[in-house]
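The values are calculated or read from the model by the stated rules, or taken from the named source; none is laboratory data. None of these values were measured; they are calculated from a predicted model. Every residue, glycine as well, gets a Cβ built from its backbone with ideal geometry; the counts of neighbours run over all protein chains shown. Side chains included, ligands, DNA and RNA excluded: accessible areas come from the protein's heavy atoms. Shrake-Rupley method; radii C 1.70, N 1.55, O 1.52, S 1.80 Å.
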Amino acid sequence: MFRLNLETENRKPKTSLMPTSISTPLIDIPEAVAVAIAAATLSQPAVVTREYLTEIELGDLGATGNLDVRVYPGPLVGTLCDRTRNSEDVTVKIAIRKKLTSLDNAAIDPLLAYVQELADFLRGFGDLNTTPKAVWNTVEFPLPYFPEHLRAFRQFTSVLHITYRTFRPWA
């Protein structure tokens, strides 16, 4: 579950966006998603990182004006397909945040549109460059925006879940 950590500490986001020496769908798929988002030309500039800690440090946003996009590995669900293969559905959680100067529709509408644009981009991106190949399966907007973040922190926060499917030999 995506949660908010209100403790104040000076923590810098860890950025990988490069291949690691360990290969598993739980690493490779979020990494490929982060790289694809970072390389994309979307309607708003974004700083993209792949992380494991889902705590959101509100002070990290600063006044850059860019969106903060963080990619996290989510659950993996495996299913036996036949005698030789199984499928694995790997969910990637994407948090999109931005500090706001105004809470009116003119400030928030473009951010919700960006979330939809990002989902559409990842759907149309095609197969991820992973081994085994990962194909887009589903998208979910469990919470298009957090009203409490708007009220308490003047911050837009949205969470997007994208699920990719891989097929691997059954061992």
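Here are the numbers for this structure:
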| item | result |
| --- | --- |
| Residue within the range 57-77 that is in a loop (DSSP other than H, G, I, E, B) and modelled with pLDDT of 90 or more present | no |
| Residue selected from the range 88-117 under the condition open to solvent by 40 Å² or more (accessible area, probe 1.4 Å) and in a loop (DSSP other than H, G, I, E, B), by the criterion modelled with the lowest pLDDT | Thr101 |
| Evaluation of Arg83 against (1) open to solvent by 40 Å² or more (accessible area, probe 1.4 Å); (2) charged (D, E, K, R); (3) outside any loop (DSSP other than H, G, I, E, B) (one fails), failing number | (3) |
| Selection within the range 118-129 - open to solvent by 20 Å² or more (accessible area, probe 1.4 Å) and under 21 Å from Arg70 (Cβ atoms) | Asp120, Phe121, Arg123, Phe125, Asn129 |
| Within the range 148-171, tally of residues that are closer than 22 Å to Asp28 by Cα, aromatic (Phe, Trp, Tyr) and open to solvent by 20 Å² or more (accessible area, probe 1.4 Å) | 2 |
| Of the criteria (1) part of a strand (DSSP E or B); (2) surrounded by 17 or more Cβ atoms within 10 Å (Cβ to Cβ), which one Val135 fails | (2) |
| Single unsatisfied condition, Tyr145 versus (1) open to solvent by less than 60 Å² (accessible area, probe 1.4 Å); (2) among the hydroxyl-bearing types (Ser, Thr, Tyr); (3) assigned to a loop (DSSP other than H, G, I, E, B) | (1) |
| Among residues of the range 22-41, those that are among the aliphatic types (A, V, I, L, M) and within 17 Å of Gly74 (Cβ to Cβ), counted | 8 |
| Of the criteria (1) among the charged types (D, E, K, R); (2) in a strand (DSSP E or B); (3) in contact with a Phe, Trp or Tyr (Cβ under 6 Å, 6 or more places away or on another chain), which one Arg123 fails | (2) |
